[in-house]
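S.K.: If you scroll down you'll find the structure; I have some questions about it.
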Amino acid sequence: MGFFDFIKSAGKKLGIGDDDAAPDVEAVKKELASHNLGTDKVDVAVIDDKVVLKGTVKDQSAFEKAVIAVGNTLGISKVQADELKIAGPDAATLVEAKAPVFYTVKKGDNLWKIAEAQYGKGKGAKHTVIFEANTPMLTHPDKIYPGQVLRIPDLAD
């Protein structure tokens, strides 16, 4: 559970230059920091079209958001996060992240349709849960695009 796939030709463009080229490491670090996810203890490396994340985050949510924040970048096709850990209950403990559920947006999708597909028929109203789980990367529920990868959180019982 350390590699996550993204669509290289879809995503937010960082900086200027060739659309096929991966962004430089400083642009990716700046993009990750811009979301204020608590990733100040995360190291970022860019190798060809792959981003490698190492370090610690505060919780599962921050782990998943860090992966999609850098993965949904034009020119990035993979995120490696097997060395990205979650801080445990005390400062000396690190825990493994659980396997996240991600969904790649298809043409014609909206958050309502995605909620029904992921949570079951009649649960489209849970689209707000998906939107909230993907903020601050999503700024409006109607602004999703094909190829974008979204977090699908568990529903609270």
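S.K.: Return the residue satisfying two criteria in turn: it lies in region 68-85 and is out of contact with any Gly (no Cβ under 6 Å at 6 or more places or on another chain) and within 15 Å of residue 10 (Cα to Cα), and of such residues it is surrounded by the most Cβ atoms within 10 Å (Cβ to Cβ).
M.R.: Looking at residues that are out of contact with any Gly (no Cβ under 6 Å at 6 or more places or on another chain) and within 15 Å of residue 10 (Cα to Cα), I get 70.
S.K.: A further question follows. Quick test of your reading of the structure: residue 102 fulfils all but one of (1) without any contact (Cβ under 8 Å) to a residue 24 or more places away in the chain; (2) of a type outside the set (A, V, I, L, M); (3) on the phi < 0 side of the Ramachandran plot. Name the failing condition by number.
M.R.: So residue 102 meets the others, but not (1).
S.K.: Mind checking whether some residue in region 65-79 is free of Cβ contacts under 8 Å to residues at least 40 places away in the same chain and among the hydrophobic types (A, V, I, L, M, F, W, C)?
M.R.: yes
S.K.: Taking region 16-41, which residues are closer than 23 Å to residue 104 by Cβ, at pLDDT 90 or above and either part of a loop (DSSP other than H, G, I, E, B) or basic (Lys, Arg) (or both)?
M.R.: 35, 37, 39
S.K.: I've got another one for you. For a quick check of your reading: which strands (runs of 3 or more DSSP E) sit entirely within region 42-157 and have at least 2 residues that are among the aliphatic types (A, V, I, L, M)?
M.R.: On the way: elements: 42-47, 50-57, 78-87, 102-104, 149-151.
Hits in region 42-157: 42-47, 50-57, 78-87, 149-151.
The values are calculated or read from the model by the stated rules, or taken from the named source; none is laboratory data. Keep in mind that this is a model prediction, so the values were computed, not measured. Cβ atoms come from the backbone with ideal geometry, glycine included; neighbour counts cover every protein chain shown.
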